[in-house]
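Worksheet for the structure shown next.
Bear in mind that the values in this text are calculations on the coordinates, not laboratory data. Quantities reported herein were computed from a predicted structural model and do not represent experimental measurements. Every residue, glycine as well, gets a Cβ built from its backbone with ideal geometry; the counts of neighbours run over all protein chains shown.
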Amino acid sequence: MGKRSQFSSNFGVIAAAVGSAVGLGNIWKFPYVAGQNGGGAFLLVYLLCVLVMGLPALITEMSIGRMAQTSPVSAFKKLTGNNHWTFIGVMGVLSSFIVMSFYFIVAGWTLEYICQSISTLSFSGMTSDELTEIFDEFSTNSFRPYIWLVVFIAVTGLVIYMGVQKGIEKGSKVMMPLLFAIMLYLMLHAFFTNDVSEGYEFYLKADFSKITPTVLIQALGQAFFSLSIALGIIITYGSYVKEGNVVTTCLQISILDTLVAFMAGLVIFPAVFSYGIEPSAGPELAFVAMPAVFSQMGGGIVFAILFFLLLALAALTSTISLYEALVAMLNDTFGIKRGLANLIVGLAVLTVGIIVCNSINGHSIFLICGKTCFDWCDLITTNYLLPIGGLALMIFFGWVYDQKKVHDALMEFGMKEWFYKIYIVLVRFIIPIIIILVMLNQFGIFENLKN
Ligand code: PFF
């Protein structure tokens with residue numbers, strides 16, 4: 001095994017981790033999940049989930065990576081000297097793979113929408129019904145989504161081939177601030193030119209009666225998904241880190257990631273209500289609402305192209321992290337050369353991507369219990385694998401691994417004693433208990449007890 005790559009600076013790690021965190025999950029997934037789960041009620045639960053569970057989980061993963069200095073599958077063996085906890089790493093790798101099988105498809109949609117922005121002159125004069133029709137026609141087309149899927153996988157593979165530093169670090173440094181700026185502009189534009197009251201009311205006013213166990217699991221899964229937690233990604237990045245304060249780094253990542261998702265809601269929900277789009281429309285929401293915004297905006301074409309381009313780039317920094325984790329795993333664990341590992345991952349993702357794409361196309365052989373493979377991949381990862389992976393991480397770090405070593409490592413990584421006291425209670429008790437209750441509820445245990 002060669003010497004592990006290092007990021008040239010702490011900023012490089014933050015940029016790359018933010019690059020992994022900020023992506024389609026913030027701008028595409030967050031608004032539609034919020035729309036399906038009561039708007040303001042979801043937002044409130046989501047923010048609490050990030051603070052109470054997301055941040056500590058992020059710190060845990062980053063610390064494990066930094067302590068082990070190797071990729072997720074090998075990390076647990078290196079720390080404990082046995083194979084009992086390797087399953088967390090294996091589960092993370094499996095989850096990354098399932099996430100990739102639908103994430104690359106949506107990433108491909110962003111490329112289509114760059115082209116559509118040009119060919120339709122930023123969707124000028126189109127109604128929301130026409131925009132929905134365009135989306136449906138495209139996403140079920142038997143040619144174009146596949147082409148974009150191939151393009152996106154190829155570009156990701158190429159960046160990985162070029163290496164950790166050159167590929168990930170340089171790109172993230174420029175792209176993330178630019179995406180942030182354009183979201184801010186769109187948010188202010190909506191505020192000053194539209195009637196935002198209905199959208200804001202839906203998104204910002206929490207109706208407590210809408211907080212249900214489903215909202216909780218969706219918010220928890222989404223928080224983990226958005227922060228790229230429980231997939232081993234952050235362990236991989238942590239393994240590239242040698243210095244810096246782990247708490248500050250993770251806090252910065254969480255704040256930036258949450259801010260982008262929050263801003264996406266502030267752009268999308270006013271548009272949803274102004275243009276008569278259903279907030280619970282599902283995965284198509286951003287791809288209908290955003291074009292609706294651009295269709296009415298002065299200089300819309302410039303903004304449309306820029307927005308979808310930056311969204312594609314944000315998706316790219318996330319696909320890079322998913323892809324890199326698998327390549328690093330094949331390299332560290334099985335000793336497969338990075339070039340070959342890159343090819344294997346690319347072909348494997350392409351194969352499942354094609355199957356998932358076919359299921360959206362409505363080919364009934366790819367429907368399972370009436371749901372598409374796309375929906376299943378999303379559901380299995382968000383509602384099951386990520387929470388269970390998070391739970392396993394907490395149990396490992398809070399109970400199984402030598403607590404003196406945990407304490408010493410966290411102090412060495414810059415955590416303050418008072419913060420440690422809160423952190424360890426969350427990791428040992430609060431987070432596992434919440435996840436266990438949510439999972440039991442998912443499996444219908446409480447329903448059965450009531451009957
Ligand atoms: N966090 C990314 C997003 O919000 O778009 C998606 C993602 C990337 C999830 C990497 C998980 C992951 F490991």
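The slack in the chain from VAL174 to PHE191, taken as 0.36 nm per residue of separation less the alpha-carbon distance, amounts to 3.5 nm.
Counting beta carbons within 10 Å around each of TRP399, TRP28 and listing the fewest first gives the order TRP399, TRP28. Ranking of VAL438, VAL246 by neighbouring Cβ atoms within 10 Å, starting from the fewest: VAL438, VAL246.
Could you let me know the centre-to-centre spacing of region 192-269 and region 293-324, using Cα atoms, in angstrom? Their Cα centres are 19 Å away from one another. Shown here for region 114-214: chymotrypsin sites (Phe, Trp or Tyr not before Pro) in loop regions (DSSP other than H, G, I, E, B) with at most 10 other Cβ atoms within 10 Å, namely PHE143. Within the set LYS29/LYS77; LYS29/LYS205; LYS29/LYS337; LYS77/LYS337, which residue pairs have Cα atoms separated by over 28 Å? From LYS29/LYS77; LYS29/LYS205; LYS29/LYS337; LYS77/LYS337, over 28 Å: LYS29/LYS77; LYS29/LYS337. Which shape class applies to region 179-223: rounded if a/c is under 1.5, otherwise prolate when a/b exceeds b/c and oblate if not, where a ≥ b ≥ c are the square roots of the Cα gyration tensor eigenvalues? Verdict is oblate for region 179-223. Taking the C-alpha atoms only, the angle from helix 386-395 to the longest principal axis of the chain is near 20 degrees. Quote the relative contact order of the chain in percent (integer), defining contacts as alpha-carbon pairs under 8 Å separated by 6+ residues. Reported relative contact order: 34 percent. Give the shape of the chain as rounded, prolate or oblate, defined through the alpha-carbon gyration tensor: a ≥ b ≥ c are the square roots of its eigenvalues, a/c under 1.5 means rounded, and otherwise the shape is prolate if a/b is larger than b/c and oblate if not. Cα axes put the chain in the prolate bin. Straight-line cross-link reach from LYS421 at under 19 Å between alpha-carbon atoms covers these aspartates and glutamates, not counting any fewer than eight positions away in the same chain: GLU61, ASP402, ASP408, GLU412. Put a plus charge on the Cβ of each Lys and Arg, a minus charge on the Cβ of each Asp and Glu, and nothing anywhere else: the dipole of the chain about its Cα centre is then about 1720 debye.
Among VAL174, PHE191, SER209, whose Cα projects farthest towards the positive end of the dipole of region 169-209, with charges put on the beta-carbon of Lys, Arg (+1) and Asp, Glu (-1)? The Cα lying farthest towards the positive end belongs to VAL174. In this structure, the pairs whose alpha-carbon distance is over 19 Å, taken from LYS78/LYS404; LYS210/LYS371; LYS78/LYS242, are LYS210/LYS371. Remark: spin-label model distance ILE255-THR140 equals 4.6 nm, labels positioned 7 Å along the Cα→Cβ axis. Take the alpha carbon gyration tensor of region 45-111, find the square roots of its eigenvalues, order them as a ≥ b ≥ c, and report rounded if a/c is under 1.5; if not, report prolate when a/b exceeds b/c, else oblate. Taking the square roots of the gyration eigenvalues as a ≥ b ≥ c, region 45-111 is oblate. Arranged from fewest to most other beta-carbon atoms within 10 Å of their beta carbon, ILE98, ILE336, ILE147, ILE229 become ILE147, ILE336, ILE98, ILE229.
When +1 charges are put on Lys and Arg Cβ atoms and -1 charges on Asp and Glu Cβ atoms, the dipole computed for region 175-304 relative to its Cα centre reaches about 280 debye.
Considering only THR372, PHE419, LEU43, and ranking their Cα positions along the charge dipole of the chain that arises from unit charges at the beta-carbon of Lys, Arg, Asp and Glu, the one farthest toward the positive end is PHE419. Between THR351, GLY339, THR140, whose Cα lies farthest towards the positive end of the dipole of the chain when Lys and Arg beta carbons carry +1 and Asp and Glu beta carbons carry -1, centred on the Cα centre? Among THR351, GLY339, THR140, the one farthest towards the positive end of the dipole of the chain is GLY339. Each Lys and Arg Cβ is given +1 and each Asp and Glu Cβ -1; about its Cα centre, region 386-451 then shows a dipole of about 120 debye.
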